[in-house]
Amino acid sequence: MAGSLKCLVTLGRWFPGLGVAPQARALAALVPGVTQIDNKSDFLQKRPHRQHPGILNLPHVRLPQALANGAQLLLLENSPTMENQVQTLTNYLWSRHLPVEPEELQRRARHLEKKFLENPDLSQTEEKLRGAVLHALRKTTYHWQELSYTEGLSLVYMAARLDGGFAAVSRAFHEIRARNPAFQPQTLMDFGSGTGSVTWAANSIWGQSLREYVCVDKSTDMLALAEKLLKGGSESGEPYIPGVFFRQFLPVSPKVQFDVVVSAFSLSELPSRADRTEVVQTLWRKTGHFLVLVENGTKAGHRLLMDARDLVLKGKEKSPLDPRPGFVFAPCPHELPCPQLTTSRPLACSFSQAYHPIPFSWNKKPKEEKFSMVILARGSPEEANRWPRITQPVLKRPRHVHCHLCCPDGHMQHAVITAHRHGRDLYRCARVSSWGDLLPVLTPSAFPPSTAQDPSES
């Protein structure tokens, strides 16, 4: 029956640079006339379905004990209003929009001026007209403010975001390690390093190989806090992670590259698109293998990451020191425009990672960190796994599973997978998969557009 699936194993060669592990080269392809997955192909490599090669989600993430102890020690003597301050800052960061660009402000001003001039009842001088336009702009335009991280605000930020930020970055690093276990980075740079959660997460994943961590943050108070956390919450003593260097500015030399470059929740702190463009271009020039960008899982955060993604992919400038092109390693299985942004109702492409928070009195239950990410890599897209990405929670129903997929052809698919139609192995793989995993099928045409109602919309 056309549209059925057969699983074919293609172990493939290991690419020493940015290739994928042999287990991730096992592909399921569309083969007309076949009604079941070919079990002889050893698709699961003798593993249970719940461990199929597309599973990428982490169990509940927990901070390293030394980091959690240091954070608790630093907050022991703080005011009883800390809980309220944490909630206020959290709400503010999640409701924050990107700053309005000067060109957009001018466009709005011209529109308002034209509107006022067309009103015959408003005969006013040029000065009054200018005042009316400015007043209307202030009422209707989002007022973005740059946060200045003082010693006090840095502590509040640590209490609010240390654990969630650690969880999101850990999930991004885990994807690199799971799909490319031979990659053993030696150097890492963290732009907008804040409390240093990226350093701790990287050390948890690649601690055996990493020898140098460069943390860049313009706030001296934040850098001092990160250094205290490395020393267990004190200003003296040996750091738990050796080889960590703190600085306020990005390295100037174009020759300096790092195996992994990270910007986590930092691009949204920049005041304009021009600033973000300059920073992303600089970060990409500093990237030797992977550039990891993480932001809040909001429409604003997702759109910001897609702008950065497009900037790297369409970048005309080629560094003479590293002419290798870039491609999307995760989460997109393609380099085409994001289908989430081209719909009539744009959605944020976001993911969720469960974690155990720092055990403060108000903060004891497990939580979920909702975030957006994009991982860009140097090399060729052919070296990456191009399985569809599951972009929403998997909906399990009797004898069928609903999966929302971002596919390699750049389109979204709502796939309804059954054992009868697609075979027992693929059905079971889909049933144990989660939001953010890869579904091991090669072609989106395996799933013709579904006429079934999406249960999530009912």
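For region 148-186, which residues satisfy the criterion of being polar (S, T, N, Q) and in a helix (DSSP H, G or I)? The answer is 154, 170. Scanning region 430-440 for residues that are surrounded by fewer than 19 Cβ atoms within 10 Å (Cβ to Cβ) and either part of a helix (DSSP H, G or I) or of a type in the set (Lys, Arg) (or both) yields 431, 432.
Screening residue 329 on (1) aromatic (Phe, Trp, Tyr); (2) open to solvent by 50 Å² or more (accessible area, probe 1.4 Å); (3) within 12 Å of the chain's Cα centre (by Cα) shows it passes everything except condition (2). In region 48-95, the residue that is least open to solvent (accessible area, probe 1.4 Å) out of those that are without any contact (Cβ under 8 Å) to a residue 60 or more places away in the chain and under 30 Å from residue 332 (Cα atoms) is 48. Scanning region 375-400 for residues being at pLDDT 90 or above and touching an Asp or Glu at 6+ places or on another chain (Cβ under 9 Å) gives a total of 7.
Scanning region 388-405 for residues that are out of contact with any helix residue (DSSP H, G or I) (no Cβ under 6 Å at 6 or more places or on another chain), buried (at least 22 other Cβ atoms within 10 Å of the Cβ) and hydrophobic (A, V, I, L, M, F, W, C) turns up 390, 405.
Only one residue in 170, 197, 219, 148 is small (Gly, Ala, Ser) and open to solvent by 30 Å² or more (accessible area, probe 1.4 Å). Which one?
Being small (Gly, Ala, Ser) and open to solvent by 30 Å² or more (accessible area, probe 1.4 Å) holds for just one of 170, 197, 219, 148, which is 148.
The test for being buried (at least 16 other Cβ atoms within 10 Å of the Cβ) and in contact with a helix residue (DSSP H, G or I) (Cβ under 8 Å, 6 or more places away or on another chain) holds for residue 408. Scanning region 282-294 for residues that are open to solvent by 10 Å² or more (accessible area, probe 1.4 Å) and touching a helix residue (DSSP H, G or I) at 6+ places or on another chain (Cβ under 8 Å) yields a total of 1. The listed residues are 279, 262, and the only one of them that is buried (at least 17 other Cβ atoms within 10 Å of the Cβ), in contact with a Phe, Trp or Tyr (Cβ under 9 Å, 6 or more places away or on another chain) and outside any strand (DSSP E or B) turns out to be 279.
Within region 343-351, is there a residue that is of a type in the set (Val, Ile, Thr) and surrounded by 15 or more Cβ atoms within 10 Å (Cβ to Cβ)?
no
The residue that is nearest to the chain's Cα centre (by Cα), counting only those in region 359-376 that are closer than 15 Å to residue 164 by Cβ and surrounded by 22 or more Cβ atoms within 10 Å (Cβ to Cβ), is 373. Evaluate region 295-313: report whether one residue or more is modelled with pLDDT under 90 and either crowded, with 22+ Cβ neighbours inside 10 Å or assigned to a loop (DSSP other than H, G, I, E, B) (or both). No, that holds for no residue.
Among the residues of region 192-244, the one identified as closer than 11 Å to residue 67 by Cα, assigned to a loop (DSSP other than H, G, I, E, B) and of a type in the set (Lys, Arg) is 231. Go through the residues of region 207-216 one by one and say whether even a single one is among the aliphatic types (A, V, I, L, M), open to solvent by 20 Å² or more (accessible area, probe 1.4 Å) and at pLDDT 95 or above. No, region 207-216 has no match at all. Please work out which residue is surrounded by the most Cβ atoms within 10 Å (Cβ to Cβ), limiting yourself to region 416-429 and to residues that are of a type in the set (A, V, I, L, M, F, W, C) and touching a helix residue (DSSP H, G or I) at 6+ places or on another chain (Cβ under 8 Å). Among those that are of a type in the set (A, V, I, L, M, F, W, C) and touching a helix residue (DSSP H, G or I) at 6+ places or on another chain (Cβ under 8 Å), it is 429.
The values are calculated or read from the model by the stated rules, or taken from the named source; none is laboratory data. Bear in mind that the values here come from a model prediction, so they are computed numbers and not experimental data. Note that we place each Cβ from the backbone using ideal geometry, even for glycine, and neighbour counts take in every protein chain shown. Ligands, DNA and RNA are excluded from the accessible area calculation, which covers all protein heavy atoms including side chains. Shrake-Rupley method; radii C 1.70, N 1.55, O 1.52, S 1.80 Å.
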